[in-house]
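Participant: I have a structure here, written as structure tokens, and I will follow up with some questions on it.
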Amino acid sequence: MSIRKTLKDEVFSPSYRADGEKVTATFGCKFNMEGERYALTSVLDFSGVTKEELLEMAAREPVAEIQRLWRLQYAADRQTATTKNTNSVFSVRSFLDSPRKRTAAPALQKANKLIKELKPEEQSEVVSTAIGQMSAEQKAALRALLDAA
């Protein structure tokens, strides 16, 4: 593994390069939210991994995307989740081909921290502004979540 401290304003994106049964992965890592960021490069050896094991491991990212989409778009389904069966199939090829937005967890965590520091009336203003910028579908999903709570 190689480790390199990144520059404070450096734009960094993870990368993966496959070569036979090995993948060279370069990715960022922090010790904590306020800490310095490091670029790590590591070689992942997939020798001896079965196709089934590889598929099960590869399913984790698409499953996270399905969870994200369900929470955003299908909040009302929570009411009938134990009985509804859509028989839908998630196309991994389409998922890989589509431009994906990375979830900026550090940015979300930073925003949450800042919101907690606001006065209640300032928090209300932030929420009101956010709701005003939502699409009708997002508002309906939020309404369903609030009704279910």
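Participant: Spelling out what I want: for every residue of the stretch 39-54, take phi, set θ = phi - 60°, compute 6.51 cos²θ - 1.76 cosθ + 1.60 (Karplus), and round to whole Hz; glycine and proline get x.
Facilitator: 9, 10, 10, 9, 9, 9, 9, 9, 4, x, 8, 6, 4, 4, 5, 5
Participant: I've got another one for you. For residue 46, which sequence-distant residues (separation of 5 or more, or a different chain) have an amide H within less than 5 Å of its own amide H, given hydrogens modelled in the peptide plane?
Facilitator: 22, 23
Participant: Counting only C-alpha contacts under 8 Å and six or more residues apart, can you give the relative contact order of the stretch 1-48 as a whole percent? Walk me through the numbers on the way to the answer.
Facilitator: Details: 83 pairs, mean separation 20.5, N = 48.
Relative contact order comes out at 43 percent.
Participant: Still on this structure: Here are some pairs, 5/139; 8/51; 51/139; 110/139; 5/110; which of them have Cα atoms lying more than 32 Å apart in this structure?
Facilitator: Beyond 32 Å between Cα atoms: 5/139; 8/51; 51/139.
Readers should treat all values here as calculations from the given coordinates under stated rules, not as data from a laboratory. Computed from a predicted structure; not experimentally measured.
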